[in-house]
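Remarks on the structure that follows.
The values are calculated or read from the model by the stated rules, or taken from the named source; none is laboratory data. Values in this document were obtained by computation on a predicted structure and should not be read as measured data. Because the Cβ atoms are built from the backbone with ideal geometry, glycine has one as well, and the counts that use them run over all protein chains shown. Keep in mind that these areas ignore ligands, DNA and RNA; they rest on the heavy atoms of the full protein, side chains included. Shrake-Rupley method; radii C 1.70, N 1.55, O 1.52, S 1.80 Å.
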Amino acid sequence: NPYAGLVSHLRASWLSGKTRPMEYRVAQLEALGRFLDDKKQEILEAAELDMGKPSFEAFFSEILLCKNELNITLNNLSHWMKDEHVDKNLVMQLDSAFIRKDPYGVVLIIAPWNYPIQLFLVPLIGAIAAGNCAVIKPSEISKNTERLVAETLSCYLDNDCFAVVTGGVPETTRLLENKFDYIFFTGSSPVGRIVMTAAAKHLTPVTLELGGKNPCYVSDTCDVTNVARRVAWGRFFNAGQTCIAPDYLLCTIEMQEKLMPALREAITEFFGPNPRESPDFGRIVSDKQFRRLRTLLGSGRVAIGGQTDEAERYIAPTVLVDVQPSDPIMQEEIFGPILPIVVIANMDEAIDFINARPRPLAVYAFSCDSKIVNQVLERTSSGGFCGNDTLMHVTLPSLPFGGIGNGGLGKYHGKFTFDTFSHHRGCLHRNMGLETLNTPRYPPYTQQKLGLLTTTFEVKRRGTCTLL
């Protein structure tokens, strides 16, 4: 295997204990901060070359959010690393019972192309903070960013403990044949199944950050202008190539009639009368993705947008109406600047529609009535939820980000990333003396010993009493 030597080298570094001291972890994290500062302009340029990503969007999603994660980790690392002491029973009052946060060892991080810096760097921050060595596999589809990471990251990190591997499907397949101690994958559900199958051969734990069709319910009681602006921003940010973007909109026919002019106005406000000329609207990442999306434009009827240019890989911000649940666009995650509207009769029908499909990565609900938003929250299941906005819940490192069901497995962001890459090791350190306290558990067994054991070990429910 071409990567066996690399993985063995990293494992030897990890076994040496090099990555465990807090000072080492802090130094590597600070080096990541210098990478973001020094290479800021090159990151923005690579994002523009790969996807026509506006520098505003690239700075916000690829640099600012990463710096936030980095600083929160540096601010809290000493506290996160401390042993967590736990409750004890009567027998062990003089002993030490605690949870030790151990690193897993050598971890693999496989990143996607849509946010090619953020989606490898945020997991890497947690992996370093937890004391692991790591192999980073950036996406070959965002080739300019891949080249930048491959050529420059090694100048900042300890090469004995961290490595970048490039290539496509064949290289990733060979990489996955090696035994890792943890695998963190972000990408599509079909590839997630391949990664999980490879991990199972070594009983390697995984975090899978996948995707899905995120529903957005708009009730009849809402501020239509605000809804249109927030939905349009979330759908067309990064030209729609965002795993948590609102994938389709559910509303009544009356609300659709109100939304159409508001959406048209919001799109014009954001990108001008011709979005193709706007410096603030990106492009599709590849010819393959462009052709797939152009085919999906045949679902329903184009009400706004619909223009395409294959040479530029441009698809205009588009809204589709008269969309049926059986249409092709409703059978797969869109991952592009197309918003289908599906008409429903009421909130109950919208909830039934959501629950009849695989659980999404995010559910969105808009209403001026907080009871309606709460109803959607309580009666659906998803990786995350955001009421009266889109995307913004993932900008809070204090909230866990992750999927459920088809949307993925596991969670990260902030302390959740540190916890993901840490084995929570249950530890008990007992006193060598006081052997009398242990006598009730030793043979020969008697009823008296059982009574003593019950008294000292039994956990009673609070608020209950025994009638004598």
Self-check item: In segment 230-268, the residues that are more than 18 Å from LEU361 (Cβ to Cβ) and of a type in the set (Asp, Glu)
Solution: GLU254, GLU257, GLU265
Practice problem: Note down all Cβ pairs under 9 Å where the first residue falls in segment 1-19 and is open to solvent by 60 Å² or more (accessible area, probe 1.4 Å), the second is acidic (Asp, Glu) and part of a helix (DSSP H, G or I), and they're at least six residues apart or on different chains. | Solution: PRO2/GLU171
Quiz prompt | Subset of segment 237-266 (residues that are open to solvent by 10 Å² or more (accessible area, probe 1.4 Å), over 27 Å from GLY192 (Cα atoms) and either among the hydrophobic types (A, V, I, L, M, F, W, C) or not assigned by the TED database to the domain that holds ASN388 (or both)) | solution = ILE253, MET260, ALA262
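Yes or no, residue by residue, for (1) in the same structural domain as ASN76 (by the TED database); (2) at positive phi; (3) part of a loop (DSSP other than H, G, I, E, B):
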{"residue": "ILE334", "(1), (2), (3)": "no, no, yes"}
{"residue": "ILE354", "(1), (2), (3)": "no, no, no"}
{"residue": "GLU378", "(1), (2), (3)": "no, no, no"}
{"residue": "SER382", "(1), (2), (3)": "no, no, yes"}
{"residue": "HIS393", "(1), (2), (3)": "no, no, no"}
{"residue": "PHE416", "(1), (2), (3)": "yes, no, no"}
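Need at least 1 residues that are charged (D, E, K, R), closer than 23 Å to GLY410 by Cβ and open to solvent by less than 50 Å² (accessible area, probe 1.4 Å) per element, so show me which helices (runs of 4 or more DSSP H) inside segment 64-177 make the cut, counting only ones lying wholly within it.
Working: elements: 65-81, 118-129, 143-152, 169-176.
Qualifying helices (runs of 4 or more DSSP H): 65-81.
Within the bounds of segment 292-303, is there any residue that is outside any loop (DSSP other than H, G, I, E, B) and open to solvent by less than 20 Å² (accessible area, probe 1.4 Å)? Reasoning before the result, please.
Of all residues in segment 292-303, those outside any loop (DSSP other than H, G, I, E, B) come to 292-296, 301-303.
Going one step further and asking which of them are open to solvent by less than 20 Å² (accessible area, probe 1.4 Å), we end up with 293, 296.
Looking through segment 292-303, at least one residue is outside any loop (DSSP other than H, G, I, E, B) and open to solvent by less than 20 Å² (accessible area, probe 1.4 Å).
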Quiz item: Any idea which of LEU29, LEU6, LEU15, LEU77 is under 24 Å from PRO205 (Cβ atoms), touching a strand residue (DSSP E or B) at 6+ places or on another chain (Cβ under 9 Å) and not acidic (Asp, Glu)?
Solution: LEU6
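Each row is one residue, and each column tells you yes or no for (1) assigned to a helix (DSSP H, G or I); (2) free of Cβ contacts under 8 Å to residues at least 24 places away in the same chain; (3) outside the structural domain of THR318 (by the TED database); (4) open to solvent by 60 Å² or more (accessible area, probe 1.4 Å).
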residue	(1), (2), (3), (4)
GLY192	yes, no, yes, no
THR197	yes, yes, yes, yes
THR221	no, no, no, yes
VAL231	yes, no, no, no
ASP280	no, no, no, yes
Exercise. From the list THR252, THR221, THR204, pick out the single residue that is modelled with pLDDT under 95, more than 16 Å from the chain's Cα centre (by Cα) and farther than 25 Å from ILE284 by Cα.
Key: THR221
